[in-house]
Structure formats: C-alpha cells, structure tokens
Amino acid sequence: MESPVTRLPTRRRTKSYGRSCFEASSRFAYTSGQLTILRIPTTREAPRARNIAERVDPEQVTLLIKNEWKLSYVTPLYRFRHTHLKKYSKHLSAFIAAEKQQGTAVEVGLETGYRVTFSTVLGIAETDEDAETVFIQIQSKPMFAATGDALKVVWSGWLTCVNGSPEYLHSLLPDFVSLPLFCSSGPENITVVVKSWFEKMFDCRFGSLGLDSTSLQWLCALWTGCHPDNNIRYLRLLWTLPTQPPLDVSYTVNPQDAWELWNSVRQEDSVDGTVGIDEVKHFMAGLESHFFRHFKIYLSSGTLRKVSTALGSAQQDGKVKILCSDYLATVLTLLTECAILKMPI
Amino acid sequence: MSKTMSKSHNVSEAESCIHGAANRSSRRSERRRADVEDPFGRALEYFSQVKAGTPVKGNDALENNLVLVERVALGRGLPPGAVATLLDFALSLRLGSSVCSRVLKFLIPASAVPQDSVVRGVSWFCMGKMPVSAQILFLRWILTMFDLIDSKDQLRSIYGFIFSFVTDEVLSPYVCHLLYLLTTKEHVQPFRVRKLLEVQAKMGRQPPLTQLLALYKVLCPEMIAISMPSKTRGGFKNHNLPWKTALAAVLKKNKTAEAPSPPLSLDIKEKASTRKRKLHHLEVPQLSCGPEIESSRGKAVHLQQLRSFAQLLQNLDNIELPAQMGSLLSSSLALHYLDCVHDESALLRLNFWLGSVLHEEFLFCSRDGNPENSTEPSQFLDICLSLPQECFSSSEFFLFKFLAMWDGSLHQPQILSLLSDIPPLPVSRMKMFLFEPLQQLYFTSSVFFKCGVIECLRSMLWKWLTWHFVQTSHKELDVSLSSSRTMNLHMSEFLELVTELVQYVGRLASAGLQLENYHILLHHQTLNFYELVCDVYLKFNLPLFLLPPSGVIFPSLLATDPVTVDRLGYVIFRYRQNLMSAKEHKQQKKEPSFHISRDVFREFNLLMVAVVSCLWISKDCQVDVGTDVHKALVPLRTMLSYCKNYNLIHHPAFLNYAIEFHQKCWPEQTNVDLSSIQGKKYWYWYLEFLFSQGFDGLKDFIQNNMDHQSTPVGGH
C-alpha cells in the first residue's frame, strides 16, 4: 500500500472515469452538516418577551401578525438578491398577468391588473447568518375603479429565517440564500402562481409544512410559560381520537392552572433559561392525566391538532396565527427549525 | 417606407456583390465552358440575360427554357448557381408575376441555396413591387428551404428589414416564422417587443406570433412574460406543400456520401401524460433559461438553442445552464455536460431539486389509502438511476429516510439499485442508516428479496472498490483540489468499512441460507459476492483477506448441486492466489505497513484442510480441522464423520457424474460399485471426466492444491 492514509473523495479534472460525480456527490454529502434526522433539538430557549417595535418597523409588524398564515418550506433560493426586489416586483406582476391570460405575452414593467411589492422586513433576523425577511404583497386594481380608489390587497406572503441552524446555513454555497419558511395568506391560485414564479426564478422547490404533535406541544408549553409576563387568557387544545367516527376533543384550560402545572414541571432546572423536551412531555402528560381523571379518555391515543392561546394559534396542517408580536422570535425560531428539518439535504 | 426599402435593396445588394464576387466569377467560367454543349447552361444564360418587358405570350424560347429547367429541377435539383440565377430572374419580375410564381414552384435546390441569392431575393421583396401572392410564395419557399441555405449570418443582419413586415396582417404568420428561425439574443430589443405586443393587441393571439414571443421570452426573460397553455404546442404550420414531394425525392436521390450529423438528444421528450396527476411532484420542468437580472456574460448560449452536437462542442465554454436544473433530467447530453463543467452550485441546485422531488413523492405525500398508479414514480426512479452522476447526496439521504418506512416491495428493483450507489460513509453511519433497517427487511422478506439485497450489496462493494482503486492508483494526479467540504475517509476507515460490509453480508448470508433452507438462488448470489471479495487484493490492490463464514462455506460444500461446489472451489482457489501473491509481495518489499495477520493464513489453512478432507480424503476423517472450527460448528464434527460420503465420488452433487463415469468405464457391469473408481488410474480419469464437464472452478482448485501424484487416501 502506498500510504495508510488516503483521502477518499477528491475532485479530479484531469481524468474522468465516468464516476467523477461520484466524487462530486461525496463532496455534497455533507454540505448540510448532518442528516436532518440528527438535527432534532431537545432543548430550546425559554421565551422572553421583547418589544419588537424597537427593532422592526411597527407597520411591518402589524402586517405579520394580522393574518392566519399557511406554512410551506422552501429549498434555498439560488441567486436571490435583496437588492433586486424592485425588479422582482415587476417580474412577478407581469408573470401573474401572463398566467391569468394564458398565451398572451405581457411586457415586463408595464402596468397590469396586479401590483406586486417586495419589501425587506429588517430586524426580524436574529443572527448574522439569518437572511433578512422578505415580504410580498399583491394588490389588485378593481376592474372599474375610479382613479382615486385604493388598491385592494389580495394576497400577501413572506419568506423568513430566524435562528436558522448555523451548521446548515454555513454549509450552503455563497450563491444560495436560505429563507426556509414561507408563509402565505390569500387565494390558493395566487399562491400557486407565486410559488411557481419562485421556482422558475430561483430554482427552488416548495413543499407544504405541517406541524407534528411534538412541535405543537412545544408551542403549547412555550406559550404557557409566557403567562406571567403576558396573560395568555386561555389554553385551548384540540385532539382527534381514532374512534369510529373520529372524536374531536376540545380541551380548554384555565391560564393560571396551566401555568402552575408548567411551573411545577419546571422546578428542577429552570434557572438557566432553557426548556427541555422532557419538561414539555411532562407538562402534556399532566394535562392528559387530568383529562383522564375526569373523562376516562386517554388523549395520548389521539393526535393533537390545534393549540391556541391569546398569543397565537397553530394547527397540525400548518396554519399559524401570531397574535402577539412580543414572542415573534420564539415562534419563528421553532417554525424555521421545522422547515429546515424538511430540507432534502 | 419605400425609401428605406430601396436603400435596403442597395445595401444588401452591395453586400452580396462583395461576398458573391468570387463565387460568381468561377461560376461564370463554368457556365462558359458548359455553354458549348449544355442546353441547361444555355437556358440559364437566357434567364440571366433576358430583358424586362420581353413578351411572355407566344414566346417559345422562354417556354422551352422554362420546361427544360423545370425538368432538370424536378429531376435532380438545381445547382446553387442556377438557384441564384433563377431566383433573381423570378423575383425581379422581369417577365411578370405569373412567370415568377411558376419559377418559384419548381425551384428545387440539389444541395444548397447560396445565402447571397436569398438576401438579394429579400431585397426584391422589400422593393414592394411584388404582388402579395408572390410575396407569400417566396416566404414559404424560404421557410421550406431554410435548412438548405448555406449560412445565415447575412440574413440575420437584415433582421430589421424582415421584422418590419410583421405588422402586415397577411404576411405576418410567415414573417413570424422566418423571424423565429433567425432570432438570436441580440435581436430581442425592447422596441421590437413593444411592436410585437402591439400586433398581438391588434390581431389577437395568433399561434405564430405567440411562438415568436415565447422565443423572445426564452432569450430575454427580463423583458417579457408569457405562459403557454399546455394545449397550444406546435405553433407553426408546414409551408412546404408545393415543394414537399419533389424536394424529398431530390434530396433522397442526392443523399449519397453525405451522412447526416447525429441528432442531438437535447429535445425534451414530449410525454403523453395519459392522466393528469393530482400532484405534480414528478414533473420535470421545461428547459428554459433564467432571467438575467444580473448581467451575465454576453455571448452565453442557452442549452435549448443548440441543435447539434457540433454546436455543443463549439460553445462548450459559454453555455448557460437552465434556470431550473431539474430540466436537465430530460436530456442525458445536458447531464453529461454538467458532469464536465464541475459547477458546484449547479450540482447543488440539481441536488436540492432531486431531493425535494423524492421527498415529496415518497415520504411526505400521503396517499390517502388509494393506491396510485405507480408507473410514474417508478419511471422517475429509473431516471434517477440513469443519471451519470451516480449518487446525489439527496437521493442518499432520501434512501436513508425511506428505508425506515419501506415495505421492501414498493419499487423494489429501483430502490435496491439506488442503494447500491451509496458512497462509502463512516461505519457508524452506515450501520445506523443502512445495515440496521436493511437487515430487518431482509429477515422478514422472501428469498428473492434476500437475493436482491445480497446482489445490491455486492454491487455497492464493487463500486467502492473500483473507485478506491482508481483513487489510489492515480494518487499523484490532483488530490490537492479537494475542497474543505470534502468528507475525508481515511484508508483505515475505508478498510474498516469494507470489512464491516463483508462481515455483514456474511451474517446475512449464513442466516438467510439457513432460513430459506439453502435455496439454490441465494447460494449462488452469496458465492457471487464472495467471488468479488476473494479477489480484492489482486484486482483492486486492497490488502484485505476476508474469508466467508462457516455458515456459507459448508452449506456450499455440501450442496446437492454441482455448480455451487464448483463455484466454491473457484472462490477458494482465488483466495489462495491472492494470499500467495500477497505473501510474495511482502517478502520482496519488506514494507512495514504491509501486514497480513497470521490468523488469516491459519484460518485459510483450516478451511483448506476441511474442504480437502471432505472432497478428497475418503476414509480417514481424523484430520485435525482445528478445535475452534469444531467448537463453532458442532454439527461439523458429526458431518465430517460421514465425510466418506462426500468425496468427489459419493458427493450428492457429483453422484450423477460418478455413475455416468462408471457406466462408461464398465459398460457391461450392471452392478455399480463406485468405490472401484478410487483406483489410482480411474481416479484421475474420473477427475479428467469431471473437468471435461465444465467444472473449471473445481479444476483450478484441485490442480493448484493437490499434489498430482497423490491419490485419495485409502485408494487402492
């Protein structure tokens, strides 16, 4: 043997053995640090109320917390530039117009029935690695509008990344911008067109992002933990039990009781400002056993479908509403994480 | 308007004069020579010299010449010079429009159409004197003959003049088609886009116009947006009707030496999707280029513009990759191109695309209980398999996740082949993501799945070894290029991984054989694997000697089918060759790093003794087979006590041959006594007989391991 240490995947330009990309693939095998299975976190920071208005334009914040958002994940955008948002606006509006009237060409830059605005929401990003959030608004001109009529917002959506896994973001090549979480609100047909425009422009792919019960449980616990600072008013959980026909169970907990339960499971190590998955599971087990004591029904045999408090709500099928801007970062961190877990590599 | 036209005429004529001067002088001398005896030459002379205003009616000379030229044209086509002369004659309308259209209708070129004649024709066209019908006929003629025009650069330079006719309602479809054929990126300008959109607004959605606009969008997506309804494909009509049959006949006749250049497989196969799928995960996007919001290199060529392989080679350095890398999947040539450009971002994009498609289709997408038509997914997997880039990390990650929920039957052949493309990874990872889940599936599935798994692992090992071999034998080349992203697997790790894989297969095979009652197919698959393993040192230069476990060796040795025993013989023979050559190498080089454990030799020797004592020695079974083997396989002891029944004569696999041999030796004996073969002479004849039956593995084994003079112990 020539040497006991051989670097295996290397890149070769001089000769091709028909397997050159075998090497190439090995180069990328670890681009994203780890297999996503290995990236599921077991602890996260306890939520801290922060007045987001200090960092973000309050007008933009109201845009984000007003709607119920449908979540999707997006693979990294290739050659997306925050500096080209104006051009993107023109393009997308022409694209929508062209899609509306199949087969008719539309000049880019002309007024069409739709006005698209891309804007950057500065201050949402938490770390230097996070790309700045991009907000998209589509307004339409009514067919027979008087000149002074205001445009009507028909669709809005945004792409964001908050506290994205640094290993993952580092592993991407500089040509890519990772904004893994896509939230949309508006008619489905426009969402489809916007997604297809993004796919054509930035060679990315969208997929729907559902929230599994672990994520919902996390949200449930995190929101409950906010109660002392910010009254959650109620904690409402919705389960579906696998009976014939399926049984929906709506379970509303008094906020103070919920917080006391949460506080009791957290007494062991609560000081360092992190929350562990064990605590979350204990909390849920407490809620479930209480329910069992009264109704003799094991909620753990069903699936958790929805969690809602006065701070926000989240559903299993990926619909999220954020009602209080103070905990935006906490929720978005969790959702970004869910989106990154869905990445193919 | 007319002023510009005439100007254009002059310009293009001047141009053509310069370009065609050399051609024409040679043509003229040719013509003069032909004059003497060739009536065809004289006819051409007539057409080039006939004065405007010559009467047409009753002009016998004209009629005769027309008939003559027409016959030649329809018979074998017109040479380039003649095409030029006749085109000029017809379009100048010297003898009126009826003669013009008559000439155009039989203007069949034999091989090529000189470009300058077409340019000149266009200048006549621009003069505005031609009647509309003649103009249309001329445009249709150009469209039909477009591929025969020898070069198109001058035509492209008068693009603007042709473009000006796009507003003409009657000519517009033909002009659009011609422009479509001529357009390059430089031609797409905002004022032209605006003009076309005006025309669109005025005349509605005309297919040729839409096609032209779509091409503009392909070339300059930043200027225009259009989405084509999937129904309206096709676009242009064929305008070759008057010339079709004649042209085909002439081209067929003249197609002698010229072989057509091989067609380029860039075109997307239009698949007739029978049923619209509810989900579109598997749709391969159309080949199109991205909007150049950032100014890219000026002379970039888009993949979909290329028509031939030669063009691809010419533009290899400035080809622009499509906007959606997934679209490359429809073209193997493009994938090979990707392979040679080494563009990391491009590969990563494709990787993301592929991974997302696989994830969405097979992992995230709930079927809602109704079994979907599975041909499309399996076709997609076939495409993945045919990629020249063997394993994308995304497909590897997908497989690792998919294995956990795979039932072992869905798309089995494809998944197993994809698995075999997995590159070498650290042992712990391999164990966790591949070996463990695969093992569970293996033990709970049918014997055919087991065979599939063994074959898959064999092919995986083979790929690793080949790649390792290439890697080490050309190490001096350029290891330095490895980037920081490279996952380095050290030699020791690679050896560990291969060892682990071989041992894993050993465990699977011995347990699987037992479970499946020593199924013959599984036997062969297993031996296939070991045929690869036994030659690792000699064939792949990897100093690794891993013997099959007893659970594989002894079932093979005692198999009832002779081919299995034969293959085992071959495997042992190859192990011996490898070990011998390694030993020699060690003695010669005395390299400290080259170390073969003594245990390997000891183990091999035990194996040899066991096999030899079984096949060869028939009486005395008190051979020291090694205590550990005995302990490991208690049944072996009992088995070996019967080993008399397993020598080459009494072995169930060879009994057949022994009886046949006996009958040949002693045809008159009805009483078959096989032990008579054990006589020295007969024994060797019997071996020769076996070898002649094609048992080459056995032959190699026996000839290399046995002293030729020795007879089986206990022979007479």
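The values are calculated or read from the model by the stated rules, or taken from the named source; none is laboratory data. In this text, all values refer to a predicted model and were calculated from it rather than measured experimentally. Cβ coordinates were reconstructed from backbone atoms using ideal geometry, including for glycine residues, and neighbour counts include every protein chain displayed.
This table checks each residue for (1) over 42 Å from the mean Cα position of the chain (by Cα); (2) closer than 23 Å to residue B:246 by Cβ.
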{"position": "B:113", "(1), (2)": "no, yes"}
{"position": "B:170", "(1), (2)": "yes, no"}
{"position": "B:190", "(1), (2)": "no, no"}
{"position": "B:196", "(1), (2)": "no, no"}
Could you grab the pairs with beta carbons closer than 8 Å, sequence gap of 6+ or different chains, first residue in segment B:129-142 and without any contact (Cβ under 8 Å) to a residue 24 or more places away in the chain and not assigned by TED's automatic domain parsing to the domain that holds residue B:86, second one surrounded by fewer than 21 Cβ atoms within 10 Å (Cβ to Cβ) and of a type outside the set (Gly, Ala, Ser)? none
For segment A:91-109, what are the residues that are part of a loop (DSSP other than H, G, I, E, B), at negative phi and over 33 Å from the mean Cα position of the chain (by Cα)? A:104, A:105
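Table: residues versus (1) more than 30 Å from residue B:319 (Cβ to Cβ); (2) crowded, with 19+ Cβ neighbours inside 10 Å; (3) at pLDDT 70 or above; (4) more than 33 Å from the chain's Cα centre (by Cα).
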residue: B:202; (1), (2), (3), (4): yes, no, yes, yes
residue: B:208; (1), (2), (3), (4): no, yes, yes, yes
residue: B:227; (1), (2), (3), (4): no, yes, yes, no
residue: B:252; (1), (2), (3), (4): yes, no, yes, no
residue: B:263; (1), (2), (3), (4): no, no, no, no
Go through segment B:383-440 and tell me which helices (runs of 4 or more DSSP H), entirely inside it, have 2 or more residues that are within 11 Å of another protein chain (Cβ to nearest Cβ). B:393-403
Any idea which of A:241, A:173, A:247, A:237 is within 14 Å of chain B (Cβ to nearest Cβ) and more than 19 Å from the chain's Cα centre (by Cα)? A:173
How many residues does segment A:65-78 hold that are without any contact (Cβ under 8 Å) to a residue 60 or more places away in the chain and either within 11 Å of chain B (Cβ to nearest Cβ) or in contact with a strand residue (DSSP E or B) (Cβ under 7 Å, 6 or more places away or on another chain) (or both)? 0
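Among the residues of segment A:315-327, count how many are away from chain B (no Cβ under 14 Å) and either assigned to a loop (DSSP other than H, G, I, E, B) or in contact with a strand residue (DSSP E or B) (Cβ under 6 Å, 6 or more places away or on another chain) (or both).
Of the residues in that region, 7 qualify.
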Taking the conditions exactly as written (within 14 Å of chain B (Cβ to nearest Cβ) and either touching a residue at least 24 places away in the same chain (Cβ under 8 Å) or not small (Gly, Ala, Ser) (or both)), does residue A:62 satisfy them or not? no
For segment B:489-497, state whether one or more residues are closer than 17 Å to residue B:454 by Cβ and out of contact with any Ser or Thr (no Cβ under 9 Å at 6 or more places or on another chain). no
Being more than 9 Å from chain B (Cβ to nearest Cβ) and aromatic (Phe, Trp, Tyr) is the filter here; which residues of segment A:79-110 pass it? A:80
Looking at segment A:121-143, I want the residues that are farther than 23 Å from residue A:168 by Cβ and have a partner that is of a type in the set (S, T, N, Q) and buried (at least 21 other Cβ atoms within 10 Å of the Cβ) with Cβ atoms under 6 Å, at least 6 apart or on another chain. Which pairs are those? A:137/A:156
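Sort through A:323, A:287 and tell me the only one that's of a type in the set (A, V, I, L, M, F, W, C) and touching a residue at least 60 places away in the same chain (Cβ under 8 Å).
A:323
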Which one of B:532, B:542, B:546, B:489 is away from every other protein chain (no Cβ under 14 Å), outside any helix (DSSP H, G or I) and closer than 21 Å to residue B:424 by Cα? B:546
Out of A:334, A:304, sole residue that is under 13 Å from residue A:223 (Cβ atoms) and either in the same structural domain as residue A:47 (by TED's automatic domain parsing) or buried (at least 19 other Cβ atoms within 10 Å of the Cβ) (or both): A:334
Go through the residues of segment B:125-135 one by one and say whether even a single one is surrounded by fewer than 19 Cβ atoms within 10 Å (Cβ to Cβ) and within 44 Å of the chain's Cα centre (by Cα). no
